[in-house]
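Okay, so here's the structure we're looking at.
The values are calculated or read from the model by the stated rules, or taken from the named source; none is laboratory data. Every value quoted in this text rests on a predicted model; they were computed, and no experiment measured them. All Cβ positions, glycine included, derive from the backbone under ideal geometry; neighbour counts span all protein chains shown. Ligands, DNA and RNA are excluded from the accessible area calculation, which covers all protein heavy atoms including side chains. Shrake-Rupley method; radii C 1.70, N 1.55, O 1.52, S 1.80 Å.
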Amino acid sequence: MKPERILVALQGSDSDVTPLKAACALAPLYDADLRGLFVEPDPAAYMLWTGPGAAGASVVSSAIDTVREEAAKACEDAKQRFEASISEHDLTEAASFKRVTDSPSEAAEQARLVRLLVTCPRAAAGRGPLADFTAACMVEEGCPIYVPRQGAIPPKTIAVAWDGSKEASRAAFAAAPLFREGVEVTVLHSARNLDYHDRAASAPNRLTNWLSARGVKTQTREIEGKGGLGDALIDAADKSDLLVAGAYGHSRIAQFMFGGVTRELLTAEHGPSLLMAH
């Protein structure tokens with residue numbers, strides 16, 4: 001048993017290929033066990049949609065049976081993909097698979113004591129069957145998420161969106177095993193909409209000093225963000241393997257990564273892989 005755990009969310013489709021490959025590459029870097037998780041909504045919840053009468057109950061009951069059959073097929077597909085992937089990466093002794101039938105919020109409890117949730121870009125963008133589960137893991141459970149897009153694992157170049165907030169700090173801590181000697185790190189920062197106190201707290205040297213103690217070379221780059229700040233961050237990190245960022249901050253100091261910017265990063269169709277924490 002490894003000291004850490006990485007969770008990879010699966011749905012039993014071709015969308016599982018990318019997150020599975022990324023999770024298998026990340027597990028050794030974090031010295032982590034890998035758990036494949038197939039999440040499905042509780043079909044019995046469909047009974048709440050039934051109107052009065054036996055006819056309505058019969059229709060819903062039939063629908064529930066169909067949903068359960070399809071879910072079973074998808075789960076088996078996810079399990080086979082998971083087993084094939086861990087075998088290919090020689091992780092069989094440090095991996096497990098679990099099926100959860102529950103609401104997204106309840107299923108997200110599986111993310112407790114987990115270092116990372118690896119999920120597909122579509123789910124991170126709020127689309128598909130894993131969207132609500134992914135959001136619940138990050139926002140309700142505070143589990144950092146890793147969204148594989150493009151870029152090497154382990155990353156050779158990392159961009160960090162830094163505003164000094166607790167969310168940005170949590171994201172940096174979540175990425176700590178990836179900040180290794182020889183990795184090039186660019187700290188992206190912006191003074192827009194920050195008062196004197198906020199500017200002092202968001203100074204990039206607070207992060208660069210932390211990274212320097214780990215033998216990591218850093219450079220800083222100020223982002224103007226004349227248009228959408230999220231797009232500016234993605235453009236600035238375009239040649240990086242990974243973008244690390246905080247999510248959904250609500251204080252003044254977190255305006256750099258407030259709401260809409262987080263959504264822009266999560267829904268981006270291009271750019272590097274994303275590691276985000278709330």
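Key figures for this structure:
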| read-out | value |
| --- | --- |
| SER61 being open to solvent by less than 60 Å² (accessible area, probe 1.4 Å), small (Gly, Ala, Ser) and at pLDDT 95 or above | no |
| Residues (surrounded by 22 or more Cβ atoms within 10 Å (Cβ to Cβ) and touching an Asp or Glu at 6+ places or on another chain (Cβ under 8 Å)) located in region 136-162 | PRO155, ILE158 |
| Test result for ASP238, surrounded by fewer than 21 Cβ atoms within 10 Å (Cβ to Cβ) and modelled with pLDDT under 90 | no |
| Every residue from region 96-127 that is in contact (Cβ under 8 Å) with a residue 40 or more places away in the chain and among the basic types (Lys, Arg) | LYS98, ARG99, ARG115, ARG122 |
| All positions within region 1-31 that are at pLDDT 95 or above, surrounded by fewer than 23 Cβ atoms within 10 Å (Cβ to Cβ) and of a type in the set (A, V, I, L, M) | VAL17, ALA25, LEU29 |
| Restricting region 32-44 to residues that are of a type in the set (A, V, I, L, M, F, W, C) and not in a helix (DSSP H, G or I), the residue that is modelled with the lowest pLDDT | VAL39 |
| Any hit, region 104-116, residues being farther than 24 Å from LEU274 by Cα and either crowded, with 18+ Cβ neighbours inside 10 Å or among the charged types (D, E, K, R) (or both) | yes |
| Residue ID - nearest to the chain's Cα centre (by Cα), chosen from residues in region 202-227 that are at pLDDT below 75 and surrounded by fewer than 13 Cβ atoms within 10 Å (Cβ to Cβ) | GLY227 |
| Residues being touching a helix residue (DSSP H, G or I) at 6+ places or on another chain (Cβ under 8 Å) and either at pLDDT 85 or above or loosely packed, with under 12 Cβ neighbours inside 10 Å (or both) - total across region 45-58 | 1 |
| Qualifying positions in region 87-101 - more than 20 Å from the chain's Cα centre (by Cα) and either on the phi < 0 side of the Ramachandran plot or open to solvent by less than 40 Å² (accessible area, probe 1.4 Å) (or both) | SER87, GLU88, HIS89, LEU91, THR92, GLU93, ALA94, THR101 |
